[in-house]
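Engineer: Just dropping this structure here.
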Amino acid sequence: MSRIKTKKYHIVIPQEDNRPERPVRIAMIGDLHNRRFGEGNCRLVDTILKQYPDMVLSVGDLTVSKPNKEINLDIGLSLLKRLACDCPVYCVNGNHEFRTKLYPETYPGAYARLTAGLHNGGIRLLENERCDVELAGAKMTLYGLDIPPKYYKKWGQDFISAEEIRELIGEPSRERFGILLAHNPVYFESYALWGADLTLSGHLHGGSVRLPFVGGVASPQMKLFPKYAYGMYQKYQRRMIVTAGLGTHSFVPRLNNPPEVVILELT
């Protein structure tokens, strides 16, 4: 039975006149990949709700999509629906969800079932969209970036620019605290240049195998020792938090890399 780690980060909202009346707690999850932690994911739900989050954010890859294999959407949808009974839940597509959106002939009906399930569960999917929220008096904007598949290719060298992000989701607000949900952390420099106060990512599974003093060993794009595999990073006075995620879908096992739930405390 896998232990679920809870990793906590403290973030101070830079706009002094926009800080919350009390600490705001946000639970962040990623890369479930159909994994179960007890019946109905009861252990995972319990771990999250014990933190009393004001909001839950999912940064993608609830499921696994591979050609000629049936897609199981029930596990991820059931998890988010259960969490949405207690607090607002927002999510963004990972590469596995985006694949079903881009290739409906390969995954017939899958994306429609996913979006209908999220909508029926009261969960907001952000597809190159923004959504204003207010928690404990702090005004925030959530941005969800649908990252095109070419930026996930194995051995790929394409680099999404801040200008392309601007074309997809517009300019960020300067008056509100901006949280960008972007599944792939590799492009942190562009996210920071675009203007995200805080970027939340996953995708790299913490590097799958983690070594002391070294960190993550490999990325899903078959690159060794990825730069942004896990943890909190800062660039241009902007921050990014990358979760090690909850599951996996490749032949590479998770070693020294327990599944985790991230808790953000905003003050």
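Engineer: Do any strands (runs of 3 or more DSSP E) entirely within segment 129-183 hold 1 or more residues that are within 20 Å of the chain's Cα centre (by Cα) and among the small types (Gly, Ala, Ser), and if so, which?
Structural biologist: Once the strands (runs of 3 or more DSSP E) in segment 129-183 are filtered for at least 1 residues that are within 20 Å of the chain's Cα centre (by Cα) and among the small types (Gly, Ala, Ser), what remains is 138-145, 177-182.
Engineer: Which of (1) farther than 22 Å from residue 31 by Cα; (2) assigned to a helix (DSSP H, G or I); (3) not acidic (Asp, Glu) is the odd one out, the single condition residue 186 does not satisfy?
Structural biologist: Only one criterion in (1) farther than 22 Å from residue 31 by Cα; (2) assigned to a helix (DSSP H, G or I); (3) not acidic (Asp, Glu) is unmet by residue 186, namely (1).
Engineer: To continue, here is another question. Can you say whether residue 93 is on the phi < 0 side of the Ramachandran plot and either surrounded by 17 or more Cβ atoms within 10 Å (Cβ to Cβ) or in contact with a Lys or Arg (Cβ under 7 Å, 6 or more places away or on another chain) (or both), as far as the supplied structure shows?
Structural biologist: In short, yes.
Engineer: What are the pairs, 6+ residues apart or on separate chains, where a residue within segment 90-111 that is in contact (Cβ under 8 Å) with a residue 60 or more places away in the chain has its Cβ under 6 Å from a residue that is open to solvent by 60 Å² or more (accessible area, probe 1.4 Å) and not in a loop (DSSP other than H, G, I, E, B)?
Structural biologist: Sorted first by the residue in segment 90-111, then by its partner, the pairs are 90/124.
Engineer: Looking only at segment 169-188, which residues are in contact (Cβ under 8 Å) with a residue 24 or more places away in the chain and surrounded by fewer than 17 Cβ atoms within 10 Å (Cβ to Cβ)?
Structural biologist: The answer is 170, 171, 173, 175.
Engineer: Picking from 62, 80, which residue would you name as being of a type outside the set (D, E, K, R), assigned to a loop (DSSP other than H, G, I, E, B), closer than 19 Å to residue 248 by Cα and at pLDDT 95 or above?
Structural biologist: 62
To keep it simple, each residue is scored yes or no on (1) free of Cβ contacts under 8 Å to residues at least 24 places away in the same chain; (2) over 22 Å from residue 73 (Cβ atoms); (3) touching a helix residue (DSSP H, G or I) at 6+ places or on another chain (Cβ under 7 Å).
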| residue | (1), (2), (3) |
| --- | --- |
| 122 | no, no, yes |
| 150 | yes, yes, no |
| 161 | no, yes, yes |
| 197 | no, yes, no |
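Engineer: Restricting the search to segment 48-75, which residues are of a type in the set (S, T, N, Q), within 14 Å of residue 264 (Cα to Cα) and over 16 Å from the mean Cα position of the chain (by Cα)?
Structural biologist: Correct list: 51 only.
Engineer: Quick one: in segment 19-52, which of the residues that are of a type in the set (D, E, K, R) and in contact (Cβ under 8 Å) with a residue 60 or more places away in the chain is least open to solvent (accessible area, probe 1.4 Å)?
Structural biologist: Checking each candidate, the answer is 31.
The values are calculated or read from the model by the stated rules, or taken from the named source; none is laboratory data. From a predicted model like this one, the values you see are computed outputs, not experimental measurements. All Cβ positions, glycine included, derive from the backbone under ideal geometry; neighbour counts span all protein chains shown. We work out accessible area using only protein heavy atoms, side chains counted, and drop any ligands, DNA or RNA first. Shrake-Rupley method; radii C 1.70, N 1.55, O 1.52, S 1.80 Å.
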